[in-house]
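Report on the following structure.
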Amino acid sequence: MTPWQETANALRDAAWRARRRLERGPTRPRLVHVRRAVTIDRPLTEIRDHLRDPATLDAALHHAHSSAFELVPAAPLRVAPGSVALEWTTESGDGTPDRVELEARYEAAVEVSGTTRLTPAPAGRGTEVRVDVRIVARRGRLLALPRAALEKLASYRLGVELGRAKQLLESGEIATASTGSGDGKEPEA
Amino acid sequence: MRAVCWYGREDVRVETVPDPALVNPHDVIVRVTSTAICGSDLHLYGGFIPTMRRGDVLGHEFMGRVVEVGRDVKKIALGQRVVVPFTIACGSCFFCHRELWSLCDNTNPNAAIAEAAYGSSPSGLFGYSHMMGGYAGGQAEYVRVPFADVGCLPIEDDAIPDEKVLFLTDIFPTGYMAAELCEIGEGDTIAVFGAGPVGLMAAASAQLLGAHRVIVIDDVPERLAMARARGAVAIDHRSVHLLDTLKDITAGRGPDACIDAVGMEAHGLGRADITGIYDKAKQALRLETDRPTALRYAIMACRKGGVVSAPGVYGGLLDKVPFGAAFQKGLTMRMGQTHVHRYLRPLFDRITRGEIDPSFVITHRVPLERAPTAYATFQRKEDGCVKVVLTPS
């Protein structure tokens, strides 16, 4: 058997296993854990105050944690619009002023919980923000995704959303390219 | 509005596209009065830069008048005449605070793509692929400029023609930074590889910064003549053994610093240069992304303990770069997209003091509608083309 044939067979087997997992329905919960960090060039107190403001929480780390849910709109994980039941609880973690814990549930299919730690960066270089997100998939199409792929996707989304939160906190806006032209769309005929 | 749009390899068209609109509170809209084709636009034109999409508006060298102002813009006013850097910077991040403007953390909406390719993302750029943000470029009648307060340099004196300040957007600061990175000292000889617009600006800047001797290397006669006319030693690499000649000029030591103003599309040093053929073959087979002939020669030519400065654009993977030579000779290698914001005011002052008029590189002035022809002429180096300025109607 040639290496190409071996690869093709392996891919076919993996696809078969994924399809079987889908057909089997609920199975053992799958847990993935992703961790990303970003340094925000602002003092810790400013970020903490920002996070404690319920109005801005939505726009910052809430946004970052919610990235885990953006896994769901990704093609293999799509769910029907309107089926989202999102509940957030926010609390100070262990009483220290530099710790914020966030927890959320997404229906029963996915449970997401997260922790955000704020630490002053060395030599006044802002604040190190470390986000840990734990995703437990109990049923649905998430279970069909290989663990490594799920972790990679979650990590990517979390990185993107943390970048946006950083943009918002540092520059006051989220960088946006779309202007009605130059966004890759051909002009209408 | 009318705009120069990219449609594929060697296919740009002037199309009617939707007008830009304010998107974020720090944006302004500029009516473009002058714009230019940059040598690095030719990398897009040649299809060497990934993540371009059909219909993308090109252009990162432009200036004009502000016609619309976002609600949080404080320093730039309606009607003001402005020059706009090709890099987009927020002015608020770690890198902007250190004047490393082209490394801004917050202006590339597609930073994840650049992170996958480079480990970290540089700033967003106008009209230079979706990996660099997907911002519409300035080869158009109008353009949206994010973070206008940070980037736009107002030109208050209407008596100063566009052509004199247009190149503050890119090639003048790019050449100047390349020369500045050489840390030019008394008696230094600087070799500039490539006599395109950036190479000529680097040579002129090296002179401004006090170089004893500037050597410019190319094979296009009119470009070499332009360098010679400005006091540089011009070498046509086709007619000499380049490394021997540079050693000879510097009495055996080699240039104190070498500037690679060619970048990823070097053509090699003629038929006898096997590396040029090798690079083209590998690039055609997708085994190499860039053709680094100039960089190889810059490393080999540079004196021990010297500096190699690379303003020429590189995008991916380079093969057969003599890193051993760089190591054994203790070279310092410096490079990167230009921190244009850092240089806008000082170089504007040099222009107004009459120390330099960057418009000397302009050879072609054409309406925006003729951009496709201008791109082809520039790419083929026909008709003595060194620099093209486009004027929207």
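The values are calculated or read from the model by the stated rules, or taken from the named source; none is laboratory data. Note that the structure is predicted; figures quoted are calculated from it, not measured. In this analysis, Cβ positions are derived from the backbone assuming ideal geometry, glycine residues included, and neighbour counts consider all displayed protein chains. SASA here: full protein model, heavy atoms, side chains in, ligands and nucleic acids out. Shrake-Rupley method; radii C 1.70, N 1.55, O 1.52, S 1.80 Å.
Odds and ends about this structure:
- Three-way shape call for the range B:1-149 based on the alpha-carbon gyration tensor, with the a/c threshold at 1.5: oblate
- Averaged over B:136-146, number of beta-carbon atoms from partner chains that fall within 10 Å: 3
- Cβ-based charge dipole, chain B, positive-most Cα from B:HIS130, B:ALA195, B:LEU246: B:LEU246
- Dipole of the range B:57-110 computed with +1 at Lys/Arg Cβ and -1 at Asp/Glu Cβ about the Cα centre; of B:ILE76, B:THR87, B:MET63, farthest Cα towards the positive end is B:ILE76.
- Overall form of the range B:246-393 per C-alpha gyration tensor (a/c, 1.5; a/b vs b/c): oblate
- Buried between B and A is an accessible area of approximately 2400 Å², summed over both sides with a 1.4 Å probe.
- One Cα centroid belongs to the range B:43-83, the other to the range B:144-159; the line between them spans 11 Å.
- Residues in the range B:238-393 average 48 Å² of solvent-accessible surface per residue, probe 1.4 Å, ligands and nucleic acids excluded.
- For the range B:63-79, the Karplus equation 6.51 cos²θ - 1.76 cosθ + 1.60, evaluated at θ = phi - 60°, returns couplings of 8, x, 10, 6, 10, 8, 10, x, 5, 9, 7, 10, 9, 9, 10, 4, x Hz by residue, with Gly and Pro reported as x.
- The HN-Hα couplings worked out from phi for the range B:149-159 by the Karplus form 6.51 cos²θ - 1.76 cosθ + 1.60 (θ = phi - 60°) are 4, 7, x, 5, 9, x, 10, 6, 8, 5, 6 Hz, whole numbers, x standing for Gly and Pro.
- Classified by the C-alpha gyration tensor, the range B:274-344 has an oblate form. Its axis ratio a/c, with a ≥ b ≥ c, is 1.5 or above, and a/b does not exceed b/c.
- The local environment of B:GLY196, defined by Cβ-Cβ distances under 10 Å, has a net charge of +2 under the rule Lys, Arg +1 and Asp, Glu -1.
- Centre separation in Å (Cα based) which lies between the range B:340-393 and the range B:282-338: 27 Å
- Springs between Cα atoms under 10 Å define the GNM used for chain B, and in it the highest mean-square fluctuation of B:CYS93, B:CYS182, B:CYS152 occurs at B:CYS93.
- Shielded residues, the range B:1-43 - accessible-area loss of 30 Å² or more between chain alone and all protein chains, probe 1.4 Å: B:TYR7, B:PRO18, B:VAL23, B:ASN24, B:HIS26
- When the pairs B:LYS75/B:LYS164; B:LYS280/B:LYS329; A:LYS166/B:LYS164; B:LYS280/B:LYS381 are compared against a 30 Å limit on Cα-Cα distance, A:LYS166/B:LYS164 fall above it.
- Sequence-distant residues sharing a close amide H with B:ILE259 (under 5 Å, placed H): B:ALA191, B:VAL192, B:PHE193, B:SER309
- DSSP assigns beta bridges within chain B; of those with both partners inside it, close to 55 percent run antiparallel.
- Rolling a 1.4 Å probe across the protein heavy atoms gives the range B:40-182 an accessible surface of 30 Å² per residue.
- Centroid-to-centroid, using Cα positions, the range B:96-139 and the range B:173-193 are 26 Å apart.
- The range B:303-315 - phi-based ³J(HN,Hα) in whole Hz, Karplus 6.51/-1.76/1.60, Gly and Pro as x: 5, 4, x, x, 10, 10, 10, 10, x, x, 7, 10, x
- Two-site label geometry, B:GLU156 and B:TYR7: point separation in nm, points 7 Å out along Cα→Cβ: 4.6 nm
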